[in-house]
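Engineer: This is the structure I have questions about; it appears just below.
FYI, it's all coordinate maths here, none of it is from the lab. Because the structure is predicted, anything quoted here is derived from the model rather than measured. Glycine also receives a Cβ, built like all others from the backbone with ideal geometry; neighbour counts cover every protein chain displayed.
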Amino acid sequence: MSKIACVITSEFEDVEYTQPNEAFTKEGHEVTTIEWEAGKEVTGKQGQATVKIDASIDDVKPEDFDALFIPGGFSPDQLRGDEKFVSFAKHFMDQDKPVFAICHGPQLLITAKSLEGRTATGFKSIAVDMEYAGVNYKDQEVVVCQNQLVTSRQPDDIPAFNHEAIKLLEA
């Protein structure tokens with residue numbers, strides 16, 4: 001069983017959190033939601049999912065987790081404005097721990113300057129940002145890079161994203 005840190009705030013893409021979270025917990029992994037305020041409820045941009053935050057970014061250490069999960073939507077763009085979240089995400093990339101980022105999730109990794117030289121994907125509107133960050137951008141449903149980073153473009157890609165993320169956790 002892996003301990004997965006999920007950095008998330010309001011305006012996340014609902015199914016990009018709910019479906020991977022369900023897949024992870026079904027396989028016995030523990031997902032901890034992290035935002036600025038523990039106990040707060042955040043709502044997805046579609047209004048279909050509400051998530052209670054388990055821990056504040058001020059009360060967690062990346063060393064306490066085995067993997068990082070970054071759902072898409074507007075959430076990653078908001079989180080990357082805070083150096084605490086940027087440093088948190090950078091730790092996982094620097095330590096070669098599994099990182100799962102879907103849709104706009106790679107925005108946080110761009111700000112952490114952790115994608116240069118990597119092969120990855122993301123939502124089409126951030127493809128140019130990823131290329132400027134030194135990413136070998138691929139327009140495909142899932143990209144696994146260096147047996148560490150799993151990225152996908154959009155909600156339609158979730159089954160492939162979940163499959164590759166779980167496969168990496170089992171390795």
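Engineer: Restricting to DSSP H runs of at least four residues, report the calculated mean residue ellipticity at 222 nm for the chain, -39500 (n - 2.57) per run over all residues, nearest 500 deg cm²/dmol.
Structural biologist: Per the formula, -9000 deg cm²/dmol.
Engineer: Can you bin segment 78-152 into rounded, prolate or oblate? Criterion: square roots of the alpha carbon gyration tensor eigenvalues sorted a ≥ b ≥ c, rounded for a/c under 1.5, prolate for a/b above b/c, oblate for the rest.
Structural biologist: Oblate, since a/c reaches 1.5 and b/c is not below a/b.
Engineer: By the gyration tensor of its Cα atoms, with a ≥ b ≥ c the square roots of the eigenvalues, what is the shape of segment 1-94: rounded for a/c under 1.5, prolate for a/b over b/c, or oblate? Please report the intermediate quantities before stating the final value.
Structural biologist: Values: a/c = 1.55, a/b = 1.09, b/c = 1.42.
Oblate, since a/c reaches 1.5 and b/c is not below a/b.
Engineer: Can you tell me the dipole magnitude for segment 3-170 around its Cα centre, using point charges on the Cβ only (Lys, Arg +1; Asp, Glu -1), in Debye to the nearest 20?
Structural biologist: Computed about the Cα centre, the dipole is about 260 debye.
Engineer: Between D94, D157, D54, where does the largest GNM mean-square fluctuation fall for the chain, given springs only between Cα atoms within less than 10 Å?
Structural biologist: D94
Engineer: On to the next question. Taking amide hydrogens as modeled 1.01 Å from N in the peptide plane, which residues meet the under 5 Å criterion relative to H104, leaving out close sequence neighbours?
Structural biologist: Close amide H contacts, sequence-distant or interchain: G72, G73, F123.
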